[in-house]
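Structure record follows, encoded as structure tokens.
The values are calculated or read from the model by the stated rules, or taken from the named source; none is laboratory data. For clarity, every value in this text was computed on a predicted model and none was experimentally measured. Methodologically, a virtual Cβ is constructed for each residue, glycine included, from the backbone with ideal geometry; neighbour enumeration extends over all protein chains shown.
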Amino acid sequence: MAKLKLEVNGESLGVEAAETALLLDALREGLGLTGTKRGCETSHCGACTVLLGGVAVHSCVVLAARCEGKEITTVEGLSRDGELNELQRLFLKHGALQCGYCTPGMLMAATALLRRNPKPSLEEIKVGLDGNLCRCTGYTGIFEAIQACALSGK
Amino acid sequence: MERKLVRPHSMDEALSQREQHGMDALPIAGGQSLLVMLRNKLIDPKILLDLESIGELRGLQRQSSGVSIGAMTTFFDLLSSTDVQSAVPLLGQAAAKVGSTAIRNLGTIGGNLCHNEPGADLPPALLVLNASVELRSRKATRKVTLTEFFRGFFETAVAPEEILSRVEIPILPQGARGAYIKHAISPEDLAIAGVAVMLVPDENKADAVGELRIGLGGVAPVPFRAAKAEAAVNGKVLNDDAIRAVAEIAASEAEPMSDPHASADYRRKMIKVLVRRAIAAAMERAERNGHGKA
């Protein structure tokens, strides 16, 4: 077992995990941050997407030990004092979810995209979300919410 | 016994581990394929040898002889590099087609080559770029051309005591133009068939091909150069009939497998289509840009 120190959502947190533990397991089992979802575990579905050093990664294919000293942001880090952020609010407004299982991953992929490219075209949004699958309702509401967020500039 | 993680900070340390433990110390680069293989219990190494902290495996240098790329360079680094864009744009084009955004952020050129999974996007492009790789052990450093590197289904020339350290791409001939076309059910999948071409004009005859290179992926146990098809066209004028003939020969050189994504027969047929399209795309690029760099 290894003792890791992870910087998650601005907090320095200690977690004990197997040496080759995945970031997904360290977050969910180790730290109880279950907003990050366990999906396919093979880097196809994107339900486990988090930000590592500001870019989107699938936490099911990242070694937790590699994340020490890097800034990790999970979906729990988006809201402030119980208030949803602009992107989350717009997901609700545009009906960008049905069952909600893909939503944390979608939010994190969209957050990473907007950091890299604050005014993405629809095509660029599609590429930014190409690692995230929704199996309920499709992507129209999700794309609309991201476009609205880019327009709002927040 | 719990699997160990070893995180060396130098190539010397990493190569010592390989010398001591061989195949039991499996190098992990971006981990985007390896951690899936672990999860699916297809591999069971005693030690994961994390290459992330080895500085010399990073970075891309443009030299007079070509481009030298550290094994840990990510797909995102490649597709966003201005050096790649100007010197070897075909590599950037192929890197942009690998997996999804999250995979491109972490996956590496060295990992992609060493994993050697059929349908990977970089190998066809690197084959037509005449790339070679540097393989290092404690005792020696050797250079292996990419055509010799891929040995079999998920097998490469990397010996148990070695680590792939760099990928070297020689400077392209004047006026060379490339294209990579991938056929997949969904763009983030591995290619059912992937075709890269590099078209080098004849210096003396404006409308003739000096050299046509064709790299095929996903249609045989290993990615390979369609040598017979290439030989059939070099020095000739590339009209519609010649292109169709080249595509036929290339398809005959494949040894495709059937899997749940596509039958062998379908893969062979797709090569014909993709070779024609890739040549057309490279020709169009040549016309659009006039003479200059590929």
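Which one of the conditions (1) under 30 Å from B:Gly178 (Cβ atoms); (2) within 12 Å of another protein chain (Cβ to nearest Cβ) does B:Ser86 fail to meet, given that it meets all the rest? Of everything listed in (1) under 30 Å from B:Gly178 (Cβ atoms); (2) within 12 Å of another protein chain (Cβ to nearest Cβ), B:Ser86 misses just condition (2). Checking B:Ser80, B:Ser33, B:Ser68 one by one, the residue that is of a type outside the set (Lys, Arg), on the phi < 0 side of the Ramachandran plot and away from chain A (no Cβ under 14 Å) is B:Ser68 and no other.
Residues in region A:42-81 that are in a helix (DSSP H, G or I) and within 11 Å of another protein chain (Cβ to nearest Cβ): A:Ser59, A:Cys60, A:Val61, A:Ala64, A:Ala65, A:Arg66, A:Cys67.
Filtering region A:120-138 to residues that are surrounded by 17 or more Cβ atoms within 10 Å (Cβ to Cβ) and in contact (Cβ under 8 Å) with a residue 12 or more places away in the chain leaves A:Pro120, A:Ile125, A:Gly128, A:Leu129, A:Gly131, A:Asn132, A:Leu133, A:Cys134.
Go through region B:37-59 and count every residue that is among the aliphatic types (A, V, I, L, M), out of contact with any His (no Cβ under 9 Å at 6 or more places or on another chain) and buried (at least 19 other Cβ atoms within 10 Å of the Cβ). Here the count works out to 4. Kindly establish whether B:Ala227 is more than 14 Å from every other protein chain (Cβ to nearest Cβ), at pLDDT 95 or above, surrounded by 21 or more Cβ atoms within 10 Å (Cβ to Cβ) and farther than 26 Å from B:Arg62 by Cβ. Spelling it out, it is not the case that B:Ala227 is more than 14 Å from every other protein chain (Cβ to nearest Cβ), at pLDDT 95 or above, surrounded by 21 or more Cβ atoms within 10 Å (Cβ to Cβ) and farther than 26 Å from B:Arg62 by Cβ. State which residue is nearest to B:Gly194 (Cα to Cα) when the search covers only region B:127-147 and only residues that are of a type in the set (Val, Ile, Thr) and either outside the structural domain of B:Cys114 (by TED's automatic domain parsing) or not in a strand (DSSP E or B) (or both). This residue is B:Val128.
For region A:21-41, which positions are within 10 Å of chain B (Cβ to nearest Cβ) and either in a loop (DSSP other than H, G, I, E, B) or of a type in the set (Val, Ile, Thr) (or both)? Answer for region A:21-41, where residues must be within 10 Å of chain B (Cβ to nearest Cβ) and either in a loop (DSSP other than H, G, I, E, B) or of a type in the set (Val, Ile, Thr) (or both): A:Ala21, A:Cys40, A:Glu41.
Of the helices (runs of 4 or more DSSP H) entirely within region B:1-107, those holding at least 1 residues that are acidic (Asp, Glu) occupy B:11-21, B:75-80, B:82-87.
Here is a yes/no grid of residues against (1) surrounded by fewer than 22 Cβ atoms within 10 Å (Cβ to Cβ); (2) in the same structural domain as A:Tyr139 (by TED's automatic domain parsing); (3) within 14 Å of the chain's Cα centre (by Cα); (4) modelled with pLDDT under 95:
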{"site": "A:Leu6", "(1), (2), (3), (4)": "no, no, no, no"}
{"site": "A:Ala21", "(1), (2), (3), (4)": "yes, no, no, no"}
{"site": "A:Val57", "(1), (2), (3), (4)": "no, no, yes, no"}
{"site": "A:Lys70", "(1), (2), (3), (4)": "yes, no, no, no"}
